[in-house]
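Colleague: Let me begin by handing over the structure; questions about it come next.
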Amino acid sequence: SRPFFDWFDAIRDEWAQARILVRLDRVRLGNLGDCASVGEGVKELRIDYGPGYRVYFGQVGATIVLLLCGGDKRTQTRDIRNAKAYWKDYKRRANHASE
């Protein structure tokens, strides 16, 4: 399952995709910018464009950022719930793999 990429690929607005990619490139360089915790280890990147795009991620250590899913202001509540579930599942599987 690739919820982030499925969401991203479904965006028809090429300018929106470009802005999201620029934002993710800044994250790659260590600049989280407009970012807030939404609880349970999940954070939200806000992209001030169009319907208010959001990218949800979890952080592993100091440098690895795991993209969980994306959405916009309209679907924010559902997206946060899904991101938390994806993060919980990731941590569960990571813990089993290290045992």
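Per-residue answers, yes or no, for (1) surrounded by fewer than 19 Cβ atoms within 10 Å (Cβ to Cβ); (2) aromatic (Phe, Trp, Tyr); (3) in contact with a Lys or Arg (Cβ under 8 Å, 6 or more places away or on another chain):
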residue	(1), (2), (3)
Asp25	yes, no, no
Cys35	yes, no, yes
Glu40	yes, no, yes
Gly50	yes, no, no
Cys69	no, no, no
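Colleague: Now a separate question. When the residues of segment 72-91 are narrowed to those that are touching a Pro at 6+ places or on another chain (Cβ under 9 Å) and touching a residue at least 24 places away in the same chain (Cβ under 8 Å), which ends up surrounded by the fewest Cβ atoms within 10 Å (Cβ to Cβ)?
Modeller: Ranking the candidates gives Asn82 first.
Colleague: List every residue pair whose Cβ atoms sit under 6 Å apart, with the two residues 6 or more apart in sequence or on different chains, where the first one lies in segment 23-37 and is closer than 15 Å to Leu67 by Cα and the second, anywhere, is of a type in the set (Phe, Trp, Tyr) and assigned to a helix (DSSP H, G or I).
Modeller: Within 6 Å, no pair qualifies.
Colleague: With more than 14 Å from the chain's Cα centre (by Cα), surrounded by 11 or more Cβ atoms within 10 Å (Cβ to Cβ) and at pLDDT below 95 as the only criterion, which of Ala18, Ala94, Ala62 stands out?
Modeller: From the options Ala18, Ala94, Ala62, the qualifying one is Ala94.
Colleague: Now for a separate question. Can we say Glu44 is within 14 Å of the chain's Cα centre (by Cα) and surrounded by 15 or more Cβ atoms within 10 Å (Cβ to Cβ)?
Modeller: Yes.
Colleague: So which residues in segment 1-15 are surrounded by fewer than 16 Cβ atoms within 10 Å (Cβ to Cβ) and closer than 23 Å to Tyr90 by Cα, if there are any at all?
Modeller: Ser1, Arg2, Phe5, Asp6, Asp9
The values are calculated or read from the model by the stated rules, or taken from the named source; none is laboratory data. Nothing here was measured: the structure is a model prediction, and the numbers come from that model. All Cβ positions, glycine included, derive from the backbone under ideal geometry; neighbour counts span all protein chains shown.
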